[in-house]
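Participant: Questions regarding the structure given below will be posed in turn.
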């Protein structure tokens with residue numbers, strides 16, 4: 001069937017690109033200075049390849065039984081599944097929140113050279 005052809009082509013190009021699974025982590029911070037401090041430490045120690053610091057986020061959440069609303073800064077971190085336990089441990093140690101947000105999302109596909117760079121940049125020293 002002609003309608004199925006693109007799906008077959010997509011499957012052919014959806015094979016894993018590298019031998020390590022790449023993750024995107026999300027974490028919020030109270031301000032840019034805190035996010036940049038954490039980002040620099042995680043990149044300097046090769047736990048993550050890159051951190052995007054995105055200011056201007058408003059978070060609405062429930063904490064201690066009440067709905068809260070705060071300005072926050074989002075960190076978007078790129079790493080591998082292999083480094084996730086160490087990233088999580090270090091991020092919790094560096095973070096000022098009692099309960100820091102750390103959410104890991106698997107990358108299904110992407111630009112091969114970029115994903116390889118993430119893997120190479122996060123190799124255990």
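Participant: Can we say residue 118 is in a helix (DSSP H, G or I), in contact (Cβ under 8 Å) with a residue 12 or more places away in the chain and buried (at least 17 other Cβ atoms within 10 Å of the Cβ)? Please lay out each step first, then the result.
Facilitator: Numbers: in a helix (DSSP H, G or I): yes; in contact (Cβ under 8 Å) with a residue 12 or more places away in the chain: yes; buried (at least 17 other Cβ atoms within 10 Å of the Cβ): yes.
For residue 118, the condition - in a helix (DSSP H, G or I), in contact (Cβ under 8 Å) with a residue 12 or more places away in the chain and buried (at least 17 other Cβ atoms within 10 Å of the Cβ) - is met.
Participant: All but one of (1) farther than 17 Å from residue 26 by Cα; (2) in contact with a helix residue (DSSP H, G or I) (Cβ under 9 Å, 6 or more places away or on another chain) hold for residue 74, so report the exception by its number.
Facilitator: The number of the failed condition is (1).
Participant: Look at residue 125 and say whether it is modelled with pLDDT under 95 and over 16 Å from the mean Cα position of the chain (by Cα). Walk me through how you get there before you give the answer.
Facilitator: On the way: modelled with pLDDT under 95: yes; over 16 Å from the mean Cα position of the chain (by Cα): yes.
Taking the combined requirement at face value, the residue satisfies it.
Participant: How many of the residues making up the range 72-115 are surrounded by 12 or more Cβ atoms within 10 Å (Cβ to Cβ), in contact (Cβ under 8 Å) with a residue 24 or more places away in the chain and over 12 Å from the mean Cα position of the chain (by Cα)?
Facilitator: Going through the range 72-115 one residue at a time, the tally reaches 12.
Participant: Please state which one of 33, 66, 49, 44 is at pLDDT 95 or above, closer than 22 Å to residue 113 by Cα and exposed (fewer than 12 other Cβ atoms within 10 Å of the Cβ).
Facilitator: Working: 33 fails: closer than 22 Å to residue 113 by Cα; 66 fails: closer than 22 Å to residue 113 by Cα; 49 fails: exposed (fewer than 12 other Cβ atoms within 10 Å of the Cβ).
It is 44.
Participant: Determine whether the range 67-89 contains at least one residue that is over 21 Å from residue 107 (Cα atoms) and in a loop (DSSP other than H, G, I, E, B).
Facilitator: Within the range 67-89, not a single residue is over 21 Å from residue 107 (Cα atoms) and in a loop (DSSP other than H, G, I, E, B).
Participant: If you scan the range 58-113, which residues turn out to be more than 22 Å from residue 47 (Cβ to Cβ) and touching a strand residue (DSSP E or B) at 6+ places or on another chain (Cβ under 9 Å)?
Facilitator: Of everything in the range 58-113, those that are more than 22 Å from residue 47 (Cβ to Cβ) and touching a strand residue (DSSP E or B) at 6+ places or on another chain (Cβ under 9 Å) turn out to be 58, 59, 60, 61, 62, 67, 68, 69, 70, 71.
Participant: Oh, and also: Failed condition for residue 104, given (1) at pLDDT 95 or above; (2) out of contact with any helix residue (DSSP H, G or I) (no Cβ under 8 Å at 6 or more places or on another chain), with all others met?
Facilitator: Looking at each condition in turn, residue 104 falls short on (2).
Participant: Of the numbered conditions (1) modelled with pLDDT under 95; (2) in a helix (DSSP H, G or I), residue 109 satisfies every one except a single condition; which is it?
Facilitator: (2)
Participant: Continuing with this model, one more query. Restricting attention to the range 18-47, which residues are in contact (Cβ under 8 Å) with a residue 60 or more places away in the chain and closer than 29 Å to residue 69 by Cα?
Facilitator: 23, 24, 25, 26, 27, 28, 29, 30, 34
The values are calculated or read from the model by the stated rules, or taken from the named source; none is laboratory data. As the structure is a prediction and not an experimental result, all values here were calculated from the model. Cβ coordinates were reconstructed from backbone atoms using ideal geometry, including for glycine residues, and neighbour counts include every protein chain displayed.
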